[in-house]
Each structure stands twice: as C-alpha cells, then as structure tokens.
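The values are calculated or read from the model by the stated rules, or taken from the named source; none is laboratory data. If you're wondering where the values come from, they're calculated on a predicted model, not measured in any experiment. Here Cβ is always computed from backbone atoms with ideal geometry, including for glycine, and neighbour counts include all displayed protein chains.
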Amino acid sequence: MTQPTWTPDSAPTRTPPSADVSTAGPRIRALDTLRGFALCGILIINIYQQVVFRGAAAGTSSRLPEVVQLFFYERFYPIFSILFGIGFGIFLRRAATRTAQPRVVLARRLVVLLFIGIAHFVVHPGEALTAYAWRA
C-alpha cells in the first residue's frame, strides 16, 4: 500500500473570515464533558462559600473545611484551569487557519474577558475571570 504524497495543490488553504461557520471545526465532546464536570465541582464550592461564609470570608479557601478543601477546591479548580489553557491552544490553532495574526485575536478576546471580570469583581470579589484574562 502506498502513502499519499503531499503536493502544493493538496495543501490546506486559508479561508477568509466570512467563510462558512463549519470551518471552525467540531466541538471536542470529551473536553466539554470535563469542563462541565469541573464546573459542577466549582458550583459546590461557590454554594458552600455563599451559604456558610458570608461577608469578608467569602472567596477564601483557607477557611473551608478540610473535606471541601481537599475533595473540591484542590481538584476542580486545577482541572478547570488546565481546560481553560487547552481552550487557548485550540483557539489559536483554529484561528491560525482564518487569520494571519491569531494571537491578536486571542488578545482581543482576553481584553473583553478582563473587562467582564472587572465588572463581575464589583459584584462578587474573588472571582476568577480577571485572573484568567490577566495571566494568560
């Protein structure tokens, strides 16, 4: 059996930004499932913090009981953070097929995320959007 050979005619071409949405690529269901799983754990932490710790203690992990700290806080936040980074990589790879400057597009999205995080910080101090946008 022979291997297909690469020719310039078979090389992938860049599509203009107004191209069909189907060029974005399929969703990766395993990543979506893991992301949902991590968000469920983060939801448990947030509910616990809002119900038990009101006021100044809300958003602090050092005052959580050891069970919540060990089985939820130290498990689900790292999973979600890693998936957030993987999402950046996927976004950059897919944006590279549509534009010559994918990092500029990502930076623009991160600035929007930062502004949303700043607005959310006014209502809920201790949120993570600003950290994700600022440190990316």
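All of (1) modelled with pLDDT under 80; (2) basic (Lys, Arg); (3) closer than 22 Å to residue 32 by Cα hold for residue 109 with one exception: (1). Within the stretch 41-74, the set of residues being touching a Lys or Arg at 6+ places or on another chain (Cβ under 7 Å) and modelled with pLDDT of 75 or more comprises just one member, 41. Residue count for the stretch 92-106 satisfying the condition of being assigned to a helix (DSSP H, G or I), hydrophobic (A, V, I, L, M, F, W, C) and surrounded by fewer than 12 Cβ atoms within 10 Å (Cβ to Cβ): 1. When we screen 89, 117 for residues that are among the small types (Gly, Ala, Ser), in a helix (DSSP H, G or I), modelled with pLDDT of 90 or more and within 21 Å of the chain's Cα centre (by Cα), the only hit is 89.
Of all residues in the stretch 91-118, those that are of a type in the set (S, T, N, Q) have Cβ atoms under 7 Å from Cβ atoms of residues that are in a helix (DSSP H, G or I), 6 or more apart or on another chain, in 99/105. Kindly evaluate residue 125 against the criterion of being surrounded by fewer than 15 Cβ atoms within 10 Å (Cβ to Cβ), outside any helix (DSSP H, G or I) and not polar (S, T, N, Q). Here the answer is yes, as residue 125 does meet what is asked.
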